[in-house]
Amino acid sequence: MRRLQALYRDDAAKVEVYLARYGLELTPQRIQECAALEGTKDPLLASSARCSVCGQEIPYWIVKSGTQRIEMNEFHIPCSAAGTQGHFSVNPIIYEVIVCAGCLFASALRSDFGAATPASREKGLELSGPAKQRFTEARESRAARLEGAAPEALFLRPRDLDSVIVAYEIACDTDVWKLEHNMPGARLRLGADHLRVYTLLKMRGDDERAPLVLEEAHADLQAAYADSEDPNVGAPAAYLALAVSIRTGRSSDAAQYYQILRKLDSETPEGPGTRGVLRWCKMAGELWTSWRAGELG
Ligand SMILES: [Zn+2]
């Protein structure tokens, strides 16, 4: 990271963009590409939260809304971002996952963390004594995952792509814990976080690991749909299972999930409580049409 700072003469914006795009591996072509970037306004907003496991205050950053033009992949995850109105480019996915520097607890859900100020009502994930102990004892296994990543990049700015991947992998451990404790929506969340790891691995150009993670996502999402009773979980699970089935070449699975979503669409009345469900159904129709038309990359 120091070499990069020296190369860009401490131009924080360029260092930030380079790390988020390419990680710590430097190549002359990429260095030149980022050197030519325009946009100097910082799109990040500093905030802080409190760890639900160890109680430590955690600084984190949010990409301000309206500062990026975001492109989503078929999993509805931002796969690229371009700064607008003079802001430099940062994909929000890079800063969405929060990691505690004390105990390495991580989650991509802000609601899993409490407020930094005790007066606020944000409680975070409410953990029993034994649950806290379980997370505390598992700190070492989380620390083992950090090998190869720059730990300070998990807690400070700028974040590099490799550290972010590790952070989401640790967040998947949190999802697994929630799943073991039958928390609602945990299986869907695990599938969605595996899709975030997949998206980041693709950004990283890691074509060896990416398909393996996609298989994990496939299993999670199939199970999330099969177990769902609430259409607010079932619809996104079926949509994502459809998208993964298409991506992994499982045509008959894809057809099956598409039919499920069509049926759900026809049976769901319009109203304020069903907007989310209908949106997933509509997206399924669009995805299906572009896949059949051969428009998916
Ligand atoms: Zn902590």
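FYI, it's all coordinate maths here, none of it is from the lab. Quick caveat: nothing in here was measured; it's all calculated off a predicted structure. Cβ sites come from the backbone with ideal geometry, for glycine too, and all protein chains shown count toward neighbours.
Charging the Cβ of each Asp and Glu at -1 and of each Lys and Arg at +1, and nothing else, the dipole of the stretch 1-170 about its Cα centre rounds to 320 debye. The packing ranking, built from the mean of other Cβ atoms within 10 Å per residue, places the peptides 260-273, 204-217 in the order 204-217, 260-273, highest first. For the stretch 144-226, the convex hull spanned by the alpha carbon atoms encloses 96 Å³ per residue.
Residue by residue through the stretch 3-16, which ³J(HN,Hα) values in whole Hz follow from phi under the Karplus form 6.51 cos²θ - 1.76 cosθ + 1.60 (θ = phi - 60°), with glycine and proline marked x? Going residue by residue, I get 4, 5, 4, 5, 4, 9, 6, 6, 7, 4, 4, 5, 4, 4 Hz, with x marking Gly and Pro.
Can you count the Lys pairs in the chain with C-alpha separation below 29 Å, eight or more apart or on different chains? The number of close lysine pairs in the chain is 14.
By the scheme Lys and Arg +1, Asp and Glu -1, what is the net charge of all other residues having a beta-carbon under 12 Å from that of R157? It works out to a net charge of -3.
Let's test the formula: R0 of 22 Å, r as the Cβ-Cβ distance of E229 and H76. What FRET efficiency results, to the nearest 0.05? About 0.45, to the nearest 0.05. Note on the stretch 1-170: dipole from Cβ charges, positive end direction compared against A20, S163, C54; the farthest Cα belongs to C54. For the stretch 116-146, the residues whose amide N sits under 20 Å from a probe point set 7 Å from the Cα of S65 along the beta carbon direction are 122. Once the Cβ-Cβ distance of R292 and R2 is raised to the sixth power relative to R0 = 41 Å, the FRET efficiency obtained is 0.25.
Two numbers describe the Cα atoms of the stretch 184-297: Rg and Dmax, which are 14.0, 44 Å. Evaluating kT/(6 pi eta Rh) at 37 °C and 0.692 mPa s, with the Kirkwood radius of the stretch 6-87 over Cα pairs in the Stokes-Einstein relation, gives 222 µm² s⁻¹.
Remark: the chain carries a charge dipole of roughly 540 debye about the Cα centre, counting +1 on each Lys and Arg Cβ and -1 on each Asp and Glu Cβ.
With charges set only on the Cβ (+1 for Lys and Arg, -1 for Asp and Glu), what does the dipole of the stretch 106-212 come to about its Cα centre, in debye to the nearest 20?
420 debye
Extent of the stretch 79-221 along its three principal axes (Cα atoms, max minus min coordinate, largest first): 43, 37, 29 Å.
With a ≥ b ≥ c taken as the square roots of the eigenvalues of the C-alpha gyration tensor of the stretch 38-81, please select rounded if a/c is under 1.5 and otherwise prolate if a/b is larger than b/c or oblate if it is not? The shape class here is oblate. Counted by neighbouring Cβ atoms within 10 Å, the residues V176, V90 run from fewest to most as V176, V90. Relative to its Kirkwood radius, the Cα radius of gyration of the chain gives an Rg/Rh of 0.98.
Approximating the spin labels as points 7 Å out from Cα along Cα→Cβ, the T274-to-S141 distance works out to 4.3 nm.
Residues T84, T117, arranged from fewest to most other Cβ atoms within 10 angstrom of their Cβ, appear as T117, T84. Principal axis extents of the Cα atoms in the stretch 1-146, from largest to smallest and rounded to whole angstrom, are 52, 33, 32. N232 sits among other residues whose Cβ lies under 14 Å from its own Cβ, and their net charge, with Lys and Arg +1 and Asp and Glu -1, is +1.
Sorting D193, D230, D162 by the number of Cβ atoms found within 10 Å of their own Cβ, with the fewest placed first, yields D230, D162, D193.
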